[in-house]
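Inspection log for the structure reproduced underneath, given as structure tokens.
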């Protein structure tokens, strides 16, 4: 086993154990504010300030949890309460669930990015979809989070997506979670509420979070939104935001490494050009810098970033942790797609063949019920990319054709994908099949 692979085996052993137990003020802003699908700009125009100010530490968090448990209502309630303190602009439910299909069905499909602040920090808040059909979008949203708020309806308790979202949050590296037990106004039975809290603490422990220490707030997002019963509404929102400030640590950003942003969304602005949006993984990018777009076959596209915006505000630079939109000179909409990488010149390459070290989930953990042989062909999720893949035993493996991978195994395998994808050794990934996560792991070595 390679030395790098040996070094990460404890990670998978631990994982296995854990799993068990303004107004638009520029043409760019105006165009961005009209795009429903733009990750960093898909909320209503609310700020008039032209420049993004970095006066507080920036943290990316999000609401996760089962469909209809109140994630979007809670997000709206947070913006309302923070707006009352002059720390946000209020966005109602309809402004967050912008897509017509979302409003019609009453569920969140895409991931909406919302901006607000507390006295201590500045937040980008991702409202993740809870519906099982859109779990792919949730994976991207969770991958961008430094911490999360999991919403659980008091009337239902934990549900299938509650568990899957906790699992996915753990797999993409979220370390700290705050629990908000919602709809308490509809179930004011102390014994039932205590049972919901106990079940959530057990569930957190099962997925490797600190169940006994994790803050759990019991309240009603709807009460906060409608200005009723402050003891369940606004006071609980204050308690929640205090818990988020204190429990979820301020992340250390990789500002000294070369710039890299994984593309989450792409759209065109007539007369200006193409904008790519996403979360900056590392480094700092200044306006008018040269960059490369990696992931379009073997071709590397070279371009210049002529404008940068974060939360519909102009920036001179974009840095690690920011959700930004980059205006790219001379790039056509069809030249770039979700899953590609924008990076500093000469720092990133796309690959199709690599070695991985991965943990295969058991049936109890939501994974496969049976094992698989080599040439298994699931989808692999790397950053914002998802590609068809084929898994084989590494060259030289004895009895490779008959050897089987069983749920619960830690294995070294060789992965090949159809389309080149930007990656490097140490890259996390998830493997999914038939609507469920079946394995999680790290890239250990690039082969091609």
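The values are calculated or read from the model by the stated rules, or taken from the named source; none is laboratory data. Because the structure is a prediction, the values reported are computed rather than measured. Reconstructed Cβ throughout: ideal geometry from the backbone, glycine too, with neighbour counts over all protein chains shown.
Some notes on this structure:
- Condition met for residue 412 (surrounded by fewer than 21 Cβ atoms within 10 Å (Cβ to Cβ) and closer than 19 Å to residue 296 by Cβ): no
- In this structure, residue 363 qualifies as within 25 Å of the chain's Cα centre (by Cα) and part of a loop (DSSP other than H, G, I, E, B).
- Enumeration of residues in the stretch 283-300 that are at pLDDT 90 or above and crowded, with 17+ Cβ neighbours inside 10 Å: 283, 284, 285, 289, 291, 292, 293, 294
Table: residues versus (1) surrounded by 23 or more Cβ atoms within 10 Å (Cβ to Cβ); (2) over 20 Å from residue 245 (Cβ atoms); (3) modelled with pLDDT of 85 or more; (4) under 22 Å from the mean Cα position of the chain (by Cα).
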site: 67; (1), (2), (3), (4): no, yes, no, yes
site: 70; (1), (2), (3), (4): yes, yes, no, yes
site: 79; (1), (2), (3), (4): yes, no, yes, yes
site: 93; (1), (2), (3), (4): no, yes, no, yes
site: 99; (1), (2), (3), (4): no, yes, no, yes
site: 104; (1), (2), (3), (4): no, yes, no, no
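- Which numbered condition residue 122 misses (of (1) buried (at least 21 other Cβ atoms within 10 Å of the Cβ); (2) within 24 Å of the chain's Cα centre (by Cα); (3) more than 30 Å from residue 439 (Cβ to Cβ); (4) at pLDDT below 90): (1)
- Check on residue 277, in contact with a helix residue (DSSP H, G or I) (Cβ under 8 Å, 6 or more places away or on another chain), surrounded by 17 or more Cβ atoms within 10 Å (Cβ to Cβ) and either closer than 20 Å to residue 113 by Cβ or not assigned by TED's automatic domain parsing to the domain that holds residue 383 (or both): yes
- For the stretch 171-278, the strands (runs of 3 or more DSSP E) that sit wholly inside it and include 1 or more residues that are at pLDDT below 90 and more than 30 Å from residue 160 (Cα to Cα) are 265-269.
Residues are listed down the side, and each one gets a yes or a no for (1) within 30 Å of residue 302 (Cβ to Cβ); (2) at pLDDT below 90:
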| residue | (1), (2) |
| --- | --- |
| 345 | yes, no |
| 363 | no, yes |
| 371 | no, yes |
| 382 | yes, yes |
| 385 | yes, yes |
| 398 | no, yes |
| 404 | no, yes |
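- Some residue of the stretch 224-244 being under 23 Å from residue 348 (Cβ atoms) and under 20 Å from the mean Cα position of the chain (by Cα): no
- Flag for residue 200 being within 20 Å of the chain's Cα centre (by Cα) and either surrounded by 20 or more Cβ atoms within 10 Å (Cβ to Cβ) or not assigned by TED's automatic domain parsing to the domain that holds residue 181 (or both): no
- The number of residues in the stretch 279-301 being in a strand (DSSP E or B) and closer than 21 Å to residue 59 by Cα comes to 7.
- Residue tally, condition in contact with a helix residue (DSSP H, G or I) (Cβ under 8 Å, 6 or more places away or on another chain) and at pLDDT 90 or above, over the stretch 309-343: 1
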